[in-house]
Amino acid sequence: MLLNMVDMDTLVSLCKRRGFIFPGSEIYGGLANSWDYGPLGHLLKQNIKAAWWKFFVQERDDMVPLDSAIIMNPKAWEASGHLENFTDPLSECKKCHQRFRVDMIPSSHEKECGGELTNAKNFNLMFKTFIGPTEDSSSIAYLRPETAGGMFVNFKSVQQATRKRLPFGIAQIGKNFRNEITPGNFIFRTREFEIGEFEYFIKQDGWELIFEMWLGQIEKWWKDVMQINMDNLVWHEIPDGERAHYSKRTVDIEYRYPFGVKELHGIAYRTDFDLSSHMNASGEDLRYTDPETGEKFLPHVVEPTFGIDRILLISLLEAYHEEEAPTADKGESEKRVVLRFPHHLAPIKVAVLPLSKKEELSSVAKKIAADLRKQYMVEYDETQSIGKRYRRQDEIGTPYCITVDFETLEDNAVTIRNRDTMKQERVFQNDLTLYLKEKFSL
Ligand code: GAP
């Protein structure tokens with residue numbers, strides 16, 4: 001059973017209307033499933049990355065950050081197996097000439113075209129480019145399809161510079177590029193996307209326990225930090241024979257999207273496959289020296305990996321609620337759309353709304369907004385009826401609206417409206433900072 005009530009069309013339209021996500025290059029007719037994050041989408045993504053970073057890196061003693069290059073020496077992709085194996089099977093219709101990933105041929109093609117499909121050919125998903133002015137085979141380079149490569153080739157330098165002992169991890173968040181044959185489902189599968197992942201370097205003995213530890217941390221991340229409905233997650237143990245050849249255990253964490261149960265992110269035990277491939281290909285000694293025994297060996301790796309754009313997609317799906325609510329002015333009932341983001345994810349934390357545009361109100365409201373901006377992303381809005389302005393803030397998930405009215409001029413108090421309960425409280429201006437600090441620390 002799918003637990004999300006919002007359909008993708010409604011979500012895509014809200015994202016465009018309110019400035020979360022726009023179709024890429026739209027004024028030129030778009031570009032095959034590319035998307036641009038608008039003002040609110042950018043803020044939401046920043047908040048997701050900050051939460052990920054805090055939980056998986058900052059709060060731990062065994063994790064160090066990295067920001068490696070997108071374009072690497074092509075030998076690295078040869079060693080990792082990407083040049084040979086990072087492929088999808090591609091088939092072309094002899095009639096309509098559309099190309100499909102063989103495992104994703106839409107059922108509509110059979111009905112609408114019915115053309116015969118060519119035999120599948122392997123298609124490499126890495127984007128090619130050229131380094132320098134000559135475009136020949138010696139100058140070919142690739143945009144990285146995953147951030148992991150950067151962590152492996154820098155393993156020795158990072159370990160020596162930080163003097164970390166096993167087990168420890170190297171983490172990074174960054175853009176990746178895959179020339180997907182059939183991108184789709186909004187930002188679920190695109191050709192340019194961000195990954196947050198880490199390589200956790202360990203001794204081979206005891207990898208099972210470390211894998212379990214990370215599964216536990218991942219569960220905590222979804223439950224406590226992202227606060228999602230855990231019934232929407234499916235923990236998919238990848239059976240023998242279906243895993244990558246180097247992996248001894250892989251779990252895909254799937255999600256019940258409106259378009260079906262599909263991958264959200266994963267965790268894999270990759271043995272010492274990557275370090276040993278890079279050591280063999282580069283000729284560099286990438287072994288770790290145990291400081292206690294002096295033993296030299298190649299660490300093994302557990303790799304939790306997260307698609308940031310997929311996290312963002314499910315943050316929107318989880319936050320979306322439609323409900324009947326009384327109108328602000330007349331007390332009648334109307335449909336209210338509200339994004340119930342956890343506070344730390346909300347793109348705008350506070351909206352400041354003077355009841356009217358009159359100078360005596362707007363000057364007070366602008367001062368309040370300016371003060372709060374030192375700590376929070378604040379929106380100031382003085383146009384349209386207060387009811388419409390509340391609805392707009394609900395629809396972008398702003399936890400608190402502060403209204404300045406004529407009484408404020410007499411009692412120095414403002415009205416604070418709670419997004420989720422719609423309850424309103426009078427709070428003295430002098431107490432505002434403390435009030436919000438308490439609310440946001442909950
Ligand atoms: N280093 C391991 C690795 O890159 P992956 O499963 O190929 O693993 C990591 O990719 C994550 O990136 C996926 O779990 C998914 O969340 C996200 N992802 C993969 N392809 C994507 C695409 N075309 N568009 C958006 N996100 C994608």
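Within the straight-line cut-off of under 24 Å between alpha carbons, the lysines reachable from K95 are K111, K121, sequence neighbours fewer than 8 places apart in one chain being disregarded. For the pair V234 and K94 in one chain, pulling the backbone fully straight at 0.36 nm per residue adds 46.6 nm over the alpha carbon distance. Given the options Q98, I71, S247, identify the residue whose Cα lies farthest towards the positive end of the charge dipole of the chain (+1 on Cβ of Lys, Arg; -1 on Cβ of Asp, Glu). The residue sitting farthest along the positive end of the dipole is I71. The portion of the accessible surface of the stretch 348-441 made up by carbon and sulfur, rounded to a whole percent, is 51 (1.4 Å probe; DNA, RNA and ligands excluded).
Based on protein heavy atoms only, the chain ends up with 50 Å² per residue of surface accessible to a 1.4 Å probe. Tell me the net charge near E318. Cut-off is 13 Å between Cβ atoms, E318 excluded, with +1 for each Lys or Arg and -1 for each Asp or Glu. In short, +3. L117 contributes about 60 Å² of solvent-accessible surface, heavy atoms of the protein only, 1.4 Å probe.
For the stretch 338-415, the normalised intensity computed at q = 0.11, 0.25, 0.26 Å⁻¹ comes to -0.26, -1.17, -1.23 (log10 of I(q)/I(0), Debye sum over alpha carbons, equal scatterers, no solvent). Of the cross-linked pairs K349/K437; K374/K423; K156/K203; K335/K439, which ones have a Cα-Cα span greater than 21 Å in the structure shown? From K349/K437; K374/K423; K156/K203; K335/K439, over 21 Å: K374/K423; K335/K439.
Here is the list for the stretch 1-100: trypsin sites (Lys or Arg not before Pro) lying in DSSP coil, each with at most 11 other C-beta atoms within 10 angstrom of its C-beta, are K94. A 1.4 Å probe over all protein chains sorts L434, L125 by accessible area into L434, L125, starting with the largest.
The overall shape of the chain, judged from the alpha-carbon gyration tensor, is prolate: a/c is not under 1.5, and a/b is greater than b/c. Taking R0 as 41 Å, what's the FRET efficiency between S138 and R165 from their Cβ-Cβ distance, rounded to 0.05? That gives a FRET efficiency of 0.50.
By a 1.4 Å probe calculation restricted to protein chains, L66 has an accessible surface near 40 Å², given to the nearest 10. Taking every C-alpha pair closer than 8 Å and separated by at least 6 residues, the mean separation divided by the residue count of the stretch 177-319 gives a relative contact order of 31 percent. In straight Cα distance, which aspartates and glutamates are under 18 Å from K223, not counting same-chain residues fewer than 8 positions off? Result set, ordered by chain and number: E59, E212, D231, D252, E254, E263, E318. Of the accessible area of the stretch 200-317, computed with a 1.4 Å probe over protein heavy atoms only, carbon and sulfur atoms account for 45 percent. A straight Cα-to-Cα reach below 18 Å connects K175 with the lysines K45, K49, K128, residues fewer than 8 places away in its own chain not being considered.
The values are calculated or read from the model by the stated rules, or taken from the named source; none is laboratory data. The model shown is predicted, which means the values in this text are computed figures rather than measured ones. Note that each Cβ is placed from the backbone with ideal geometry, even for glycine, and that neighbours are counted across all protein chains shown. The protein model used for the area step is the full one, side chains on, heavy atoms only, and it has no ligands, DNA or RNA in it. Shrake-Rupley method; radii C 1.70, N 1.55, O 1.52, S 1.80 Å.
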